[in-house]
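Structure record follows, encoded as C-alpha cells.
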Amino acid sequence: MLKKTTLSLALVLLPLAAAAQVPVRADNKAIARRYFDEILNKGSAAAIDALVAPDVVFRNPPAVVKGIDDFRKLVATLRTAFPDLHFTREDELAEGNKVATRWVMRGTQGTRKMDVSGMDIFLIENGKIKEVWVSMDTLSRAQQLGTVTAP
C-alpha cells in the first residue's frame, strides 16, 4: 500500500514541480540578440531604454556597474574607445529567465586591432535585462592592445 501511495503522490507532485519552473521565453533570446546588435554594435540609446532595467547590474570583473545611467556611460565609453566595435554572436543557450551567449568582440583602438572571445549570461525579468555577467579573455585583450606583453 505504501508503494502505491508513494507512486500516486509522485504522479501528482511531478507535474506541479515542472509547472513551477520558469519557462523559457522565446523572446528572451531576442532580447539578448538585440542587446548585441542594437546596444553594443550600434550604441542605440533607444534600445538601452527598451531592453535594460533601470536597476540593471553589469558585472565584468573587476568592474561592476549598477543602474541604467552608469550602464549608458559604460556603453558610450566602450563605443568611443572602439569606434568600429562589433560583436558576433557564436552560440546561444536559454533556460528559464537566463540566456547565455558566446561571442567574439572585434574593434580597433588607434592602430591596434582587437579580436577577443567571451561569454555573457543575462538575467531577464519582465522583458528587460536585469543582470549581465561577462567572462572574457582579458589577457588576450590586454596583449592585443599592448597593455601586457606576450610571454
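Within segment 106-151, restricting attention to residues that are aliphatic (A, V, I, L, M) and touching a residue at least 40 places away in the same chain (Cβ under 8 Å), which residue is nearest to residue 61 (Cα to Cα)?
Filtering segment 106-151 for residues that are aliphatic (A, V, I, L, M) and touching a residue at least 40 places away in the same chain (Cβ under 8 Å), the one nearest to residue 61 (Cα to Cα) comes out as 134.
Got a sec? Which of 43, 96 is small (Gly, Ala, Ser), out of contact with any Phe, Trp or Tyr (no Cβ under 9 Å at 6 or more places or on another chain) and surrounded by fewer than 17 Cβ atoms within 10 Å (Cβ to Cβ)?
96
Looking at (1) part of a helix (DSSP H, G or I); (2) exposed (fewer than 13 other Cβ atoms within 10 Å of the Cβ), which one does residue 90 not meet, given that it meets all the others?
It fails just one condition, (1).
Go through (1) under 19 Å from residue 64 (Cβ atoms); (2) surrounded by fewer than 16 Cβ atoms within 10 Å (Cβ to Cβ) one by one and return the number of the condition residue 122 breaks.
For residue 122, the failing item is (2).
I'd like to check something: does segment 61-78 contain any residue that is assigned to a strand (DSSP E or B) and modelled with pLDDT under 95?
Narrowing segment 61-78 to residues assigned to a strand (DSSP E or B): 63-66.
Within this subset, residues satisfying the condition of being modelled with pLDDT under 95 are 63.
Yes.
Let me spell it out: the conditions are (1) touching a helix residue (DSSP H, G or I) at 6+ places or on another chain (Cβ under 7 Å); (2) without any contact (Cβ under 8 Å) to a residue 60 or more places away in the chain, and residue 63 meets all of them except one. Which number is the exception?
For residue 63, the failing item is (1).
Checking residue 75 against (1) under 18 Å from residue 37 (Cα atoms); (2) out of contact with any Gly (no Cβ under 8 Å at 6 or more places or on another chain); (3) of a type in the set (Val, Ile, Thr): exactly one of these is not met. Which one?
(2)
The values are calculated or read from the model by the stated rules, or taken from the named source; none is laboratory data. Everything quoted here is computed from the prediction, not taken from an experiment. Here Cβ is always computed from backbone atoms with ideal geometry, including for glycine, and neighbour counts include all displayed protein chains.
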